[in-house]
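The values are calculated or read from the model by the stated rules, or taken from the named source; none is laboratory data. What you see is a predicted model; the values in this text were computed from it and never measured. All Cβ positions, even for glycine, are placed from backbone atoms using ideal geometry, and neighbour counts span all protein chains on display. Accessible surface is based on the protein model in full, side chains and every heavy atom, while ligands, DNA and RNA are left aside. Shrake-Rupley method; radii C 1.70, N 1.55, O 1.52, S 1.80 Å.
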Amino acid sequence: MKVAILGSRGVPASYGGFETFAEQLGLGMVAAGIDVTVYCPGYQAYRAPDYKGIRLTFVRNLEYLTKNRVLRAIANLLYDVLSLIKAGLSDADIVYMLGYASGPALVIPRLFGKTMVVNPDGLEWKSKRWGPGARTWLFLCEWAAARLSNGLIADAEPIRQHFRAKFKVDPVTIQYGAPILAIDPGAAGSPEKESYYLAVARMVPETSIPLMVRGFRASGTGRRLVIIGPAPDQRFLDEEVLPLADGDRVTYLGPIYDHDLLVRYRQHAAALLHGHASDGTNPSLLESMGCSSPVIAVRTSSNADVLGPNDDLYFTDEIELAQCIDRFEAMDATAHGKLGETNCGTIRQRFSWALCVERHLAAFARFQH
């Protein structure tokens, strides 16, 4: 079996969840004897023909030339279409597209006899950052993913249920993996232990950053809030996030691509504030859980499926978040430790990369027949 993985910003992972997913899935499949190629944007710094056994194919992507979110989206669409054409012409048996924004172009690999598999990621057309035209396109893309692919892989059960109800197709649910992360807490650059709450997310509306800042400020905590993440929507960052960050109690650090440093921020936080309101299993949430971090999360079915009861530390608005923080502050260190241990145990039992790889290979074999 030869597998091509498309739709990420390439490996080695240095951007976000899809990139980590492409890398870890690729490495696991290579270890299982599978020939894997990951398609990467031509602008990435790592230019070797392979990475730890994963073959790399570079495709032109001009998104780096602009900060305008619409133009960046168009550039990424063209990148995906070019990747699909190259994959169709390649020797791959399975073409695995992460995301569905290329819409009707998803049929291209099938025209060359490939097995086309799509991971929808989330229900992008629901995102508040898109206008009516873009939402209509993304809904069309959702239809295309359901009708033009050989199979769908959902990263969370609510996404599977949506496709079953809307399009009468039955995706396979395979959640992301995450490592159990242990970094020397005394390493240089380590943040002060438990002096802050942490939010790690892209600066886009569906990650609820402004809501979380307001809820944090309304609580009685004496800790700080540290926000980390890239800004694909520069206007949202400038107008909605930065005016709330004073650099004292609330600090926005931008993206951190040093993996070990980011792990230390996760490990040393009092708790993760997780505001991803879109359905789907979020890699950032899993990574903090793998660091034994307690989590205060926005109330969604996907988050509840991952976190379980979580001492009812769920919120729907800033008032409830303030109440959750105050309730967390009233707990003792033993209770905080138990929350972190439970989260780490969940990762160990349900979200290993080995299990993710095994389930993907089984799904690929099924879609080929």
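Scan region 27-41 and give yes if some residue there is of a type outside the set (A, V, I, L, M, F, W, C), open to solvent by 40 Å² or more (accessible area, probe 1.4 Å) and modelled with pLDDT under 95, otherwise no.
Let us first name the residues in region 27-41 that are of a type outside the set (A, V, I, L, M, F, W, C), namely 28, 33, 35, 37, 39, 41.
Okay, now just the ones that are also open to solvent by 40 Å² or more (accessible area, probe 1.4 Å), so 33, 35.
Next, only the ones that are modelled with pLDDT under 95 stay: none.
Checking region 27-41: not a single residue is of a type outside the set (A, V, I, L, M, F, W, C), open to solvent by 40 Å² or more (accessible area, probe 1.4 Å) and modelled with pLDDT under 95.
Screening Ala322 on (1) open to solvent by less than 30 Å² (accessible area, probe 1.4 Å); (2) under 20 Å from Leu285 (Cβ atoms); (3) out of contact with any Pro (no Cβ under 6 Å at 6 or more places or on another chain); (4) at pLDDT 95 or above shows it passes everything except condition (2). Residues that are polar (S, T, N, Q), surrounded by fewer than 23 Cβ atoms within 10 Å (Cβ to Cβ) and not in a helix (DSSP H, G or I) were ranked within region 114-142; the one that is modelled with the highest pLDDT is Thr115.
Can you say whether Ser208 is hydroxyl-bearing (Ser, Thr, Tyr) and modelled with pLDDT under 90, as far as the supplied structure shows? For Ser208, the condition - hydroxyl-bearing (Ser, Thr, Tyr) and modelled with pLDDT under 90 - is not met.
Any residue at all in region 143-155 that's part of a loop (DSSP other than H, G, I, E, B), open to solvent by 30 Å² or more (accessible area, probe 1.4 Å) and charged (D, E, K, R)? No, the conditions are met nowhere in region 143-155. With respect to the conditions (1) open to solvent by 50 Å² or more (accessible area, probe 1.4 Å); (2) part of a loop (DSSP other than H, G, I, E, B); (3) touching a residue at least 60 places away in the same chain (Cβ under 8 Å); (4) of a type outside the set (Asp, Glu), Gln24 falls short on a single one, namely (2).
Please count how many residues of region 47-69 are open to solvent by less than 80 Å² (accessible area, probe 1.4 Å) and not in a strand (DSSP E or B). Steps first, please.
Initially, region 47-69 is screened for residues open to solvent by less than 80 Å² (accessible area, probe 1.4 Å), giving 48, 50-51, 53-54, 56-59, 61-63, 66, 68-69.
Filter again for not in a strand (DSSP E or B), leaving 48, 53, 61-63, 66, 68-69.
Residues flagged as open to solvent by less than 80 Å² (accessible area, probe 1.4 Å) and not in a strand (DSSP E or B) within region 47-69 amount to 8.
The residues of region 292-315 that are surrounded by 13 or more Cβ atoms within 10 Å (Cβ to Cβ) and not in a helix (DSSP H, G or I), listed by number, are Ser292, Ser293, Pro294, Val295, Ile296, Ala297, Val298, Arg299, Thr300, Leu313, Tyr314, Phe315.
If you filter region 263-289 down to residues that are outside any loop (DSSP other than H, G, I, E, B) and within 15 Å of the chain's Cα centre (by Cα), you find that the one that is nearest to Pro120 (Cα to Cα) is Pro283.
Residue pairs whose Cβ atoms lie under 6 Å apart, sitting 6 or more positions apart in sequence or on different chains, and linking a residue in region 58-71 that is modelled with pLDDT under 80 to a partner that is open to solvent by less than 90 Å² (accessible area, probe 1.4 Å) and not in a helix (DSSP H, G or I), are Arg69/Asp233.
Listed by first and then second residue, the pairs with beta-carbon distance under 8 Å, at least 6 apart or on different chains, first residue in region 228-250 and open to solvent by 50 Å² or more (accessible area, probe 1.4 Å), second of a type in the set (A, V, I, L, M) and part of a strand (DSSP E or B), are Arg249/Leu225. Residues that are closer than 20 Å to Ile85 by Cβ and not in a strand (DSSP E or B) within region 1-17 comprise Gly7, Ser8, Arg9, Gly10, listed in sequence order. Looking across Gly215, Gly177, one residue alone is surrounded by 17 or more Cβ atoms within 10 Å (Cβ to Cβ), closer than 20 Å to Glu320 by Cβ and in contact (Cβ under 8 Å) with a residue 12 or more places away in the chain. It is Gly215. Only one of the listed residues (Phe315, Phe351) is under 26 Å from Asp238 (Cα atoms), in contact (Cβ under 8 Å) with a residue 40 or more places away in the chain, in contact with a Leu (Cβ under 6 Å, 6 or more places away or on another chain) and aromatic (Phe, Trp, Tyr). That residue is Phe315. A single entry from Leu84, Leu111 fulfils the requirement of being of a type outside the set (Val, Ile, Thr), farther than 18 Å from Val357 by Cβ, open to solvent by less than 20 Å² (accessible area, probe 1.4 Å) and touching a helix residue (DSSP H, G or I) at 6+ places or on another chain (Cβ under 7 Å): Leu84.
Exactly one residue out of Leu181, Leu198, Leu225 is under 24 Å from the mean Cα position of the chain (by Cα), assigned to a loop (DSSP other than H, G, I, E, B), among the hydrophobic types (A, V, I, L, M, F, W, C) and over 20 Å from Leu98 (Cβ atoms): that is Leu181. Within region 70-108, the only residue that satisfies the criterion of being under 23 Å from the mean Cα position of the chain (by Cα), part of a loop (DSSP other than H, G, I, E, B) and either of a type in the set (Val, Ile, Thr) or closer than 17 Å to Val11 by Cβ (or both) is Gly99.
Taking the stated definitions as given, is Ala48 without any contact (Cβ under 8 Å) to a residue 12 or more places away in the chain and touching a strand residue (DSSP E or B) at 6+ places or on another chain (Cβ under 8 Å)?
It is true that Ala48 is without any contact (Cβ under 8 Å) to a residue 12 or more places away in the chain and touching a strand residue (DSSP E or B) at 6+ places or on another chain (Cβ under 8 Å).
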